[in-house]
Amino acid sequence: MDAAQILLVVMWVGLTLYALLGGADFGGGVWDLLAGREHQNRKLIEHAIGPVWEANHVWLIFVLVVLWTGFPPVFAAIMSTLYIPLTLAALGIIFRGSAFVFRKASTEWWQQRLFGASFAISSVLTPFFLGTVAGAIASGRVPPGLAAGNLLSSWVNPTSMYGGVLAVGVCAYLAAVYLCDDAVRAGLDPAGFRRRAIGTGIVVGVVALAGIAVLRLDAPALFAGLTHRALPAVVASAAMGIASLGLLLARAYLLVRVTAILAVTAVMWGWPLAQYPVMLPPAFTYRQAAAGPEVLVVTLIVLGVGALLVLPAIAWLLAIQRRLPYDSG
Amino acid sequence: MMSAAVVSAAMASDAVMSDAVMSPLALAAGPASPADMLAARLQMGLSLGWHIILACLGVGMPGLLLFVEWRAVRTGDADLMLLARRWAKAIGVLFAVGAVSGTILSFEMGLLWPGLMDVYGQVIGVPFAMEGVAFFIEAIFLGIYLYAWDRLSPRTHLLSGVPIAIAGVSSAFFVVAANAWMNQPRGFDLENGRVTRVDPWAAMFNPATPPQTIHMIVAAFMVAAFATAGVYAVALLRGHRDRYHRLGFLIPFTLGAVLSPIQIVVGDYAAKFLAEYQPAKLAAAEGLFLTRSHAPLSLGGIAYGDALHYAVEIPSGLSMLVGFSPATVVKGLDLVPPRDRAPVNPVHLGFDTMVGIGFFLLLLSAWLALTWWRRRDLPRSPWFLRLAAVAGVAAVVAVEAGWIVTEVGRQPWIAYGRMRTVEAVNPAPGLWIGFLIVALVYVVLTVATVYVLRRMTRTAPVRPFAPQERD
């Protein structure tokens, strides 16, 4: 493997972690939106994501920086053509984060309602727009060059809508799965989130399968990749999804976290596996996009040293978060 | 005030935009229209000008907080522990808002300036990658620090805050080093419009890095210090004259007072750097149109028709500052063709505003130092506290003004001498719609942030001290 390939893998690991960690925080917002009068659920969600969401969010910045450093023409092409959905996602990120802390810091009911609603709605919209971006790239609608693609149809198309819906679904599914165990440790009844996890699991599974038909019509190259080279990842994802359903039925809440994570990871890796070595389909490869070798090597060294600093710290944070006493008041 | 300055800055730069072709109705992406170019600059100016305040507080406040917590743990002082608890709560809100407003900037690097990132993204990527690591450390340890206060021993808790302070200062260094690169692009060769032979270290440690990073980091601590002290100055003026509020004022104000004279020296160093490396920017900042010896130091005034009018002039002042001698020849704007000049008015007035506030803060600090030396107390005049309250806002205004000097003063270049801003902008049509939406969001965000923070200061428990009883 050369430096560009390693950096590509590192970037995708970052994106996977963003989906698994940051995605679940968005999913928490989705369930906050749908919690209705079950304010107990809102408290549990706040308890679960409060200490970690900022750290989880940094994975997105990590991906952006690695992309513009390692593969600058790809970054420029994606950001300029997909200017609209990415601006909307950025605004969603502002609302999600600030409204979350504002709600925590405010005392009056109407303020908590207002900030809570902003937090919850932006938690749905942000992953949706990020999903449309993924669909736009995967279906080959982002050509290299500055704003070279169509500003609207690049992300308003079947594959992008599929990507958006799938992203929201995956976030909600992960959050529901994680919250089952959180509820148990908080001394609450996990039945509500178990029901939600099973329901979303089935819905996301059906959507994912139906989506394959969408891809066949709208993104045939991606479809071919997913049904050939990336087929093991697709099969693994389906298998892990079914296993997760079984574990949820069996109330094995800790183990189901593992299988749900593996299911989502398999989906995340199926995409690049299907289109490698192309970064911007149909033909722009990572080799054409890669930065100079000096940059790639220095970036890898920086990230390696960074990982030595960051990963133990994350482990400590997650350990503390798990042990934090739940304040039901 | 800030956005007014940004607007005037961008309006004044229409010379830059006349390079662009007018194509408002173009469906496919062509060169950006003047309206879109203006919108992109306004949007970047707004989001950066907004974030820089949060960033300064994020860099400076953890240090103050840790100092107070350290003293509280060492002495068992209840007032200090209450200060630490309350500052930590404020930092929790400020950091979250700063984290998301900073994220938007990394989006906007590509959304608004893809031309820059396409060519030079890899050259300036390494300091940003380092900043990403520092941001991770900040976010992780802030989560631990805020949420595990009662779960860790006082000593461990204090130590868990140290990485936040170190990472905050490091972040400032890395980001400003990347910005310094835009002033002094180094570390690459150009072949057919693509960079080759990139040296990330030469790019990061370019000649502008030392003056800019030192100036900005000192400024960040001054903003945090004077802004925090300003909150307690208001409380003292309102009659809350107890020890808690006096400490809340004195500790940060002392830091600001110590840094004020240092910043004057650093600022002078930064200006001398400009005289050597970016004379056109210094000429714009000083409103000097003609290269000459015995160059006067011009305060205020308005530039039009290739001259500065109505300014107060100190004879030979600028020559003395640049070269310690009236005979020093200072380069004027006439050295560069008109199309390569920055708009003089915002840069010159921004520069005067920054320097003026710097001296105001210095004098205010000297006032406190004098009365403290003579009778170990605050000045008796209520005007001291009034001015100290103003100083909190003034320090923020100074940072905004200085940032206008460095950003607008670099125009028409996005990478000085290498790439024009107009070459970097996203050619997608309709950027101005995006700007209007983003502006609206920032208005809402500003109102909400100020409202929540004001609520937090108002709900100040005077006594008894509930929070630290658990310690």
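What follows is calculated from the coordinates using simple rules that are stated; it is not laboratory data. Every value quoted in this text rests on a predicted model; they were computed, and no experiment measured them. Virtual Cβ from ideal backbone geometry, glycine too; neighbours counted across all protein chains shown.
The table for this structure:
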read-out	value
DSSP H segments from chain B that extend 27 Å or more along their own axis, Cα-based, with Kyte-Doolittle mean of 1.6 or above	B:431-458
Normalised contact order of chain A, rounded percent, pairs of Cα under 8 Å and 6 or more residues apart	23 percent
Long-range HN-HN contacts of B:VAL330 with modeled amide H, under 5 Å	B:ARG292, B:SER293, B:ALA295
Sites B:TYR310 and B:ALA439 - FRET efficiency at Förster radius 30 Å, r taken between beta-carbons, to 0.05	0.40
Given charges at Cβ of Lys, Arg, Asp, Glu: the range B:230-352 dipole, positive-most of B:LEU259, B:MET320, B:PRO338	B:LEU259
Percent antiparallel among DSSP beta bridges (both partners in the protein assembly as shown, rounded to 5)	100 percent
Chain B: calculated mean residue ellipticity at 222 nm from DSSP helix runs of at least 4, using -39500 (n - 2.57)	-24000 deg cm²/dmol
Whole-number Å³ per residue for the convex hull built on Cα positions in the range B:178-275	117 Å³
Per-residue [θ]222 nm for chain A (sum of -39500 (n - 2.57) over DSSP H runs n ≥ 4, rounded to 500)	-27000 deg cm²/dmol
Spatial separation of Cα centroids for the range B:28-87 and the range A:257-329, in angstrom	27 Å
Chain A, Rg to Rh (Cα coordinates; Rh as Kirkwood inverse mean 1/r)	0.96
Span-like helix ranges in chain A, DSSP H, alpha carbon extent 30 angstrom or more, Kyte mean at least 1.0	A:83-105, A:158-185, A:191-218, A:253-275, A:293-323
Extension gain, B:ARG375 back to B:THR196 (0.36 nm per residue minus Cα-Cα distance, nm)	58.0 nm
Estimated distance in nm for a label pair at A:ILE301 and A:ALA239, the labels positioned 7 Å out from Cα along Cα-to-Cβ	4.1 nm
Charge-dipole axis of chain A as Lys and Arg at +1 and Asp and Glu at -1 on Cβ define it, positive-most pick from A:GLY97, A:GLY246, A:VAL298	A:GLY246
Beta bridges per DSSP with both ends in chain B, % antiparallel, nearest 5	100 percent
Label-point separation in nm, A:TYR276 to A:VAL184, each point 7 Å along Cα→Cβ	3.5 nm
Additional length obtainable on full extension of the chain from B:ASP189 to B:ARG155, 0.36 nm per residue less Cα span	7.2 nm
Nearest-20 debye value, chain B charge dipole, Cβ charges on Lys, Arg, Asp, Glu	1800 debye
Among A:LEU217, A:LEU262, A:LEU60: highest mean-square fluctuation, GNM of chain A, C-alpha pairs under 10 Å	A:LEU217
Translational D in µm²/s for the protein assembly as shown (Stokes-Einstein at 37 °C, 0.692 mPa s, Kirkwood Rh from C-alpha pairs)	118 µm²/s
Options A:VAL142, A:LEU82, A:ALA48, ranked by Cα towards positive dipole end of chain A, top entry (Cβ charges)	A:ALA48
Packing-based exposure ordering (other Cβ within 10 Å, fewest first) of B:ILE357, B:ILE217	B:ILE217, B:ILE357
Column: log10 I(q)/I(0), Debye, Cα scatterers of the range A:179-329, q = 0.13 Å⁻¹	-0.87
